[in-house]
Amino acid sequence: MRATVREVGDVSVVDLYGKITIGRGDIVLRERVNDLLHAGQCNILINLAGVTYMDSCGLGELAACYRNAKDYGATIKLLNPTGRVFDLLQMIKLEEVIDSFRDETEAVLAFGRQRAGRPAPPTGNGGAPEPLRFGR
């Protein structure tokens, strides 16, 4: 697996490519997120659009990254979970814990709303950004 990090305003976007599996992909994910947390980054968006497969270790590592971020006072959100990855997140109900989005701009704006202490707008408010809720 390969991971690159880019900045969009005050959000670090971690673009992931390939498989997140035991022994390699899970380690890459953990290292990238930990590097950002240790650098003081509070807003991390994990882009899963390029992830072709994720096993149970990858799912566990995603949950662990979320928990570690909370311990640092940071927030992790997900972007573009697709295919089997989308199905797995829905099956284990991780989408009920971690906000997920289909649009990067909406995801980045959601960090700003959170920081300002404003709740996300309710569903059906004319297309304003809102978290992607799987299966609903």
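What part of the accessible area of region 1-86, given as a whole %, is carbon or sulfur when the probe is 1.4 angstrom? Could the numbers behind the result be given before it?
Numbers: 1910 of 3760 Å².
Using a 1.4 Å probe with all protein chains present, region 1-86 comes out at 51 percent carbon and sulfur.
Please give the solvent-accessible surface of Ile22 in Å², to the nearest 10, using a probe radius of 1.4 Å with every protein chain present.
That residue has around 110 Å² of solvent-accessible surface.
Where only protein heavy atoms count, and the probe is 1.4 Å, what is the accessible area per residue for region 36-79 in Å²? If you can, show how the numbers build up before the last one.
On the way: 1700 Å² over 44 residues.
Counting only protein heavy atoms, the per-residue value for region 36-79 is 39 Å².
Once the whole set of protein chains is in place, how much accessible area is left on Cys57, using a 1.4 Å probe, in Å² to the nearest 10?
Around 50 Å² of this residue is reachable by solvent.
What does the charge dipole of region 1-106 about its Cα centre add up to, to the nearest 20 debye, if the Cβ of each Lys and Arg holds +1 and the Cβ of each Asp and Glu holds -1? Let's see the in-between values first.
Working: 12 positive and 16 negative charges, 62 e Å.
I would put it at about 300 debye.
Taking the Cα-to-Cβ direction at Ser56 and at Arg24 and moving 7 Å from each Cα, how far apart do the two end points lie in nm?
2.1 nm
Kindly provide the trypsin sites (Lys or Arg not before Pro) of region 46-111 that DSSP labels as loop, not H, G, I, E or B, and whose Cβ sees at most 15 other Cβ atoms within 10 Å. Numbers along the way, then the final one.
On the way: sites: Arg67, Lys70, Lys77, Arg84, Lys93, Arg102; in loops: Lys93, Arg102.
Sparse-neighbourhood loop trypsin sites (Lys or Arg not before Pro): Lys93, Arg102.
Round to the nearest 10 and report in Å² the accessible area of Glu106, as given by a 1.4 Å probe over the protein chains' heavy atoms.
About 60 Å², rounded to the nearest 10.
Only bridges with both residues in region 3-106 count here: give the DSSP antiparallel percent, nearest 5.
That works out to approximately 30 percent antiparallel.
The values are calculated or read from the model by the stated rules, or taken from the named source; none is laboratory data. Since the model is a prediction, treat every value here as computed from it, not as a measurement. When we count neighbours, we look across all protein chains shown, and the Cβ atoms used for this are built from the backbone with ideal geometry, even at glycine. For accessibility, only protein heavy atoms count, side chains too; no ligands or nucleic acids. Shrake-Rupley method; radii C 1.70, N 1.55, O 1.52, S 1.80 Å.
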